[in-house]
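Down below is the structure, laid out as structure tokens.
The values are calculated or read from the model by the stated rules, or taken from the named source; none is laboratory data. Treat the numbers as computed from the prediction; the structure is a model and nothing was measured. In this analysis, Cβ positions are derived from the backbone assuming ideal geometry, glycine residues included, and neighbour counts consider all displayed protein chains. Note: accessible area is taken over every heavy atom of the protein model, side chains too, but ligands, DNA and RNA are not part of it. Shrake-Rupley method; radii C 1.70, N 1.55, O 1.52, S 1.80 Å.
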Amino acid sequence: MTLTLIDRTRRTGPDIDHATGQGADQDVAPEAPPAQAPGPAPRRATGREADGLAVASFVLGLVGLLAFNLLLGPTAIVMALLSLARRTRRPGRAYLGLALGVADLVVLAVLVTVNGTVAWNLGA
């Protein structure tokens with residue numbers, strides 16, 4: 001759906017037909033300027049997206065310490081780096097998400113080394 005805005009200028013003086021020298025007909029609508037193709041839409045939500053990525057990175061890194069650290073750790077790292085690259089207003093959360101993502105991978109490496117598996121083994 002395309003919305004076209006037409007700018008119609010107001011005329012303050014009397015309308016005069018230059019060919020006859022008399023007043024022009026008031027029922028004639030002024031000529032509209034040609035429609036312009038809309039340009040690309042401006043990206044206004046970049047700051048909000050970066051803040052959302054920082055918070056999501058933090059949450060995924062935190063959850064990844066308990067479960068799915070193989071999947072959530074790298075995801076948290078990527079989201080944290082993206083939010084820092086987009087200049088988030090919450091760099092603390094982005095750095096925490098980055099640190100938690102790295103901690104997820106460290107926990108995964110310890111589990112694989114100790115148990116020889118990627119699963120938790122809390123029971124005897």
Self-check item: Label-to-label distance, nm, for residues given as Leu81 and Arg48 (7 Å Cα→Cβ offset)
Solution: 2.8
Quiz item: In Å, what is the Rg of the alpha-carbon atoms in the range 55-124, and how long is Dmax?
Solution: 13.0, 47
Exercise. Order these peptides, 71-82, 101-112, by their mean beta-carbon neighbour count within 10 angstrom, highest first.
Key: 71-82, 101-112
Self-check item: Heavy atoms of Arg93 accessible to a 1.4 Å probe, total area in Å² rounded to 10
Solution: 100
